[in-house]
Amino acid sequence: MKKNQRKLYRRRQFSEQIKRKVVGEFRAGRYTVQELADLYSCSFQTIYKWIYKYSPADTPSVTVVEMSKSTDQKVKDLQDQIARLERALGQKQIQVDFYEKMIELAKEKYDIDIKKNSSTRPSGGSGKTGKR
């Protein structure tokens, strides 16, 4: 073919009888869609159109893909987690209040200052003691 020359394709029309024959061969299981497309020199999309048109049992179906955890389930899980965390926070707040009350009572009853006082000298820690 020359460089500037284009190939023109002719549009083919198949009779309804041929279309029904193709669908019948597909339904009988003699050929696959691709084999029929090659046999009749047309695209496999055309064969599928004929199948959907002339075979009511083979209508295109919609497949619904559902994720393992839907959005509703995720929201419910998050709400449960919030409730657990709020319970844990409430328990910790009760402990904090209890400890503060104990510190207050220790200060009043025994005159013991349990809270750290920032004005006291820091301890020596684990520095050298001079002993060997």
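Between beta-carbons, use under 15 Å as the cut-off and find the net charge around Y40, counting Lys and Arg +1, Asp and Glu -1.
On the way: positive: R10, R11, R12, K19, R20, K21, R30, K49; negative: E16, E25, E35, D38.
Overall, the nearby charge balance is +4.
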List the aspartates and glutamates whose Cα sits under 20 Å from the Cα of K19, skipping any in the same chain fewer than 8 residues away.
E35, D38, D58
Normalising by the residue count of the range 16-58, find the relative contact order in percent from Cα pairs under 8 Å and 6+ residues apart.
39 percent
Cα convex hull volume per residue for the range 63-116, in Å³, equals 68 Å³
What is the pair-distance distribution P(r) of the range 16-58, computed from all Cα-Cα distances in 10 Å bins starting at 0, with each bin given as a whole percent?
33, 64, 3
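Once the piece of chain linking S70 and I112 is laid out straight, how much longer is it, given 0.36 nm per residue of separation minus the C-alpha distance between them?
Full-extension gain reported as 9.4 nm.
Just so you know, all these numbers are worked out from the coordinates, no wet-lab data involved. As the structure is a computational prediction, the values presented were derived from the model and not from experiment. Note: ideal-geometry Cβ built from the backbone for every residue, glycine included; neighbour counts use all protein chains shown.
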